[in-house]
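The values are calculated or read from the model by the stated rules, or taken from the named source; none is laboratory data. Because the structure is a prediction, the values reported are computed rather than measured. Reconstructed Cβ throughout: ideal geometry from the backbone, glycine too, with neighbour counts over all protein chains shown.
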Amino acid sequence: MVQFLNENGEFAVASKEHEIYAQFIRDLRESDFLKFYRDMARIRRFDNEATALQRQGQMGLWVPAVGQEGAQIGSGHAVGPNDNIFPSYREHGVAITHGVDLMSIIKMFRGVNHGGWNPYEKKFHLYAIVLGAQTLHAAGYAMGVNFEGKVATGNPEIDEAVITYFGDGATAEGDISEALLMAATTNAPLVFFCQNNQWAISSAVETQTKVPLYRRGEGFGVPGIRVDGNDVLACYAVTKKHMDDARNGLGPYLIEALTYRIGAHTTSDDPSKYRDAEQVAYWQARDPIIRFEKFLRSQGIGQDFFDEVQAAGDQLAAEIRETTFALPEPELELIFDHVYSEPHPLIEEQRAWLRGFEESLGGHTPTDDGENKVDYGGSR
Amino acid sequence: MANTVELSIAKALNAGIRKAMQDDPKVLVFGEDVAKLGGVFRITEGLLDEFGSKRIFNSPIAESAIVGTAIGLAMRGFRSVAEIQFDGFVYPAFDQIVSQLAKLTNRSEGHLKMPVVIRIPYGGGIGAVEHHSESPEAYFAHTAGLRVVSPSNPNDAYWMIQQAIQSADPVVFLEPKRRYWQKGQVELDQPALGLHQATVLKPGTDVTIASYGPMVVTSLQAAEIAQAEGVSIEVIDIRSLSPIDFGVIVESVKKTGRLIVAHEAGTFVSISSEIAAKIAELCFYYLEAPVIRVGGFDVPYPAAKLEELYLPDADRLMEAVDRVMAY
């Protein structure tokens, strides 16, 4: 397992084989370290605030990522500006490393829409709820990058790679095996980033696999490595190395970030029913944020910085609350818009009917010109 | 003078795909055995030589991956024509089709377009083993976000495959495999119809038979038999199963007052169920008889030696004609 920071935040390169990763840490500046800490603290604060909002009935559900900040912020910052990210549904930390508006995630779990952000804008694709489905989209996208010849040109402006995120539970899904196979046989520039948080709702990782997950790709021809998922620096370095390699035409790689889901699967879950408090305490002692704070303090970062981060978190939490309370209800039209890209008579018929029905009740104000013409088809 | 050529449905599909690949360099073709072999029905024969292995390639035997990667390629701006080798092999891809492909445009509020064509040879009548003769259209027609079409003749095969590839939405393209070798004239200059239009193939005054895909030929046969018996049948090729062009059916039923809907699939919760319900709603005062559905039975597709008993033929259509004429 690649680890640079132990649980006390002490930096060490444990073996010679890890030197290929350590060089990426040496390239980092102090400002990068501070950014990593800020983002981890920011997403933790956001996450706790979102849980609170759910408890107050402002969201139907929340999916906490507490404990996985090191894996997410470290790997997220290793993804280059040309690269595309295909997340699962717990990647709030990865999202902020690429400037995704956190309110779009709140909106989704509040039930305002199904996601709806523009995946092309930040190259951060929509959350995927069916486990593993997104890994095949990532494989197809990466095949497309290959077809366009945007790999191994040697020009960093042109070369691209793709990264897809999933959890230990998802590895049992057939789609991930098929994605590993597709990526391997087409030499796709795709990194598989598995956050092994050790629990799939109530099922321990032993339910999902008999071999260590970093070895899951071997039979498909995808090599892998395990990294300490609670060590933000190791996660950064390992992801950076294999994204660079993918961009340079070396093909797919599987990274298993060993971490722990400190919180519940979702706000509907009760982990006290299936796991020991001792296990949780063990992993809380290995918290990625506390560990990195110790490291930063050992590097001479003073209390002012941590105070500033704390204040920024308070401000973020206040903003998230205010913005959530002010979110408008979605329009009736959203039910029917974008079911298809091109006109579809059945959708228009049903839209017109609902508009008319709501109007008859004096409810929704229809936004059309009042024509409500029903077309039985043959429009194209 | 019209620029026409005689082709089989198989050759017309091949010509249509070739034309689409020539017209748009973003069109890719993949699936099991589609490259050198040209697919088990040879629909993509010769395309590898013309377009090379970056445009047409074999997929591993992994249907979910075939559709899942088509989705990723669509996100990247490609237009994939993905072949599923046989109807009964599409189900491993069911999640990618109904929960991903069909819903991503909606999920992304229109940011993602999904121009993916899933070609599926479907239906029975070829004496095949299990899983090679099924009619899965109702599953896909029931799924919002998908378009579902089925050509019945070479001209439609040639044009509808091109229109499907040009569509910004995902299209499940069902090819009537037992009719692949049926020949007909193909008009090469322009299509007569849009992808989602139904059409009257034979005008008549007493009964309307609406069908699609492999059952269209059977419906035309029944119309001929009926004519000899003095019953005038109007035959409609529905062509598009989602959306359905109800306007053409409504106009016909207003004239004939009697409707039979025919397909190979079992009739329970089927395309014909939907048409029967809709026509009862739209043509209530015009109907002289209840809408009759003629289809296969609601059983697993039987072993090959029994398929003649399973598949509706002209006689079964005539039995339905007798029933609607008795009202």
I'd like the full set of residues that are crowded, with 22+ Cβ neighbours inside 10 Å and either away from chain B (no Cβ under 13 Å) or farther than 19 Å from B:Arg76 by Cα (or both), limited to the range A:164-179. A:Tyr165, A:Phe166, A:Gly167, A:Asp168, A:Gly169, A:Ala170, A:Thr171, A:Asp175, A:Ile176, A:Glu178
Please verify whether the range B:249-263 includes one or more residues that are charged (D, E, K, R), within 14 Å of chain A (Cβ to nearest Cβ) and touching a helix residue (DSSP H, G or I) at 6+ places or on another chain (Cβ under 8 Å). yes
Can you say whether B:Ile56 is free of Cβ contacts under 8 Å to residues at least 60 places away in the same chain, more than 8 Å from every other protein chain (Cβ to nearest Cβ) and either surrounded by fewer than 23 Cβ atoms within 10 Å (Cβ to Cβ) or touching an Asp or Glu at 6+ places or on another chain (Cβ under 7 Å) (or both), as far as the supplied structure shows? no
Considering every residue within the range B:187-194, establish whether at least one is assigned to a loop (DSSP other than H, G, I, E, B), at pLDDT 95 or above, in contact with a helix residue (DSSP H, G or I) (Cβ under 9 Å, 6 or more places away or on another chain) and buried (at least 20 other Cβ atoms within 10 Å of the Cβ). no
Would you check which residues across the range B:59-74 are buried (at least 24 other Cβ atoms within 10 Å of the Cβ) and among the aliphatic types (A, V, I, L, M) and list them? B:Ala65, B:Ile66, B:Val67, B:Ala70, B:Ile71, B:Leu73, B:Ala74
Does any residue of the range B:274-281 turn out to be more than 22 Å from the chain's Cα centre (by Cα) and either at negative phi or at pLDDT 95 or above (or both)? yes
Which numbered condition in (1) within 8 Å of another protein chain (Cβ to nearest Cβ); (2) touching a Leu at 6+ places or on another chain (Cβ under 9 Å) is the only one that A:Ala133 fails? (2)
Subset tally (residues that are over 19 Å from B:Phe173 (Cα atoms) and either without any contact (Cβ under 8 Å) to a residue 12 or more places away in the chain or crowded, with 17+ Cβ neighbours inside 10 Å (or both)) for the range B:36-46: 1
Considering only helices (runs of 4 or more DSSP H) wholly within the range A:269-352, the ones with at least 3 residues that are among the small types (Gly, Ala, Ser) are A:303-325
Count, please, the residues in the range A:147-163 that happen to be touching a Phe, Trp or Tyr at 6+ places or on another chain (Cβ under 8 Å) and either within 10 Å of chain B (Cβ to nearest Cβ) or without any contact (Cβ under 8 Å) to a residue 24 or more places away in the chain (or both). 2
Scan the range A:239-275 for residues that are within 23 Å of A:Ser15 (Cα to Cα), more than 17 Å from the chain's Cα centre (by Cα) and not aromatic (Phe, Trp, Tyr) and jot them down. A:Lys241, A:His242, A:Asp244, A:Asp245
Among the residues of the range B:285-292, are any within 14 Å of chain A (Cβ to nearest Cβ), surrounded by fewer than 20 Cβ atoms within 10 Å (Cβ to Cβ) and not acidic (Asp, Glu)? no
For the range A:180-219, which residues satisfy the criterion of being within 14 Å of chain B (Cβ to nearest Cβ), in contact with a Pro (Cβ under 8 Å, 6 or more places away or on another chain) and surrounded by fewer than 24 Cβ atoms within 10 Å (Cβ to Cβ)? A:Leu181, A:Ala184, A:Thr185, A:Asn187
Of these, B:Asp33, B:Asp24, B:Asp95, B:Asp87, which one is of a type in the set (Asp, Glu) and without any contact (Cβ under 8 Å) to a residue 40 or more places away in the chain? B:Asp95
Going by the structure shown, is A:Lys294 among the charged types (D, E, K, R), more than 14 Å from chain B (Cβ to nearest Cβ), over 30 Å from B:Ile165 (Cβ atoms) and out of contact with any strand residue (DSSP E or B) (no Cβ under 9 Å at 6 or more places or on another chain)? no
Residues being within 14 Å of another protein chain (Cβ to nearest Cβ) and polar (S, T, N, Q): count how many of those fall in the range B:84-99. 2
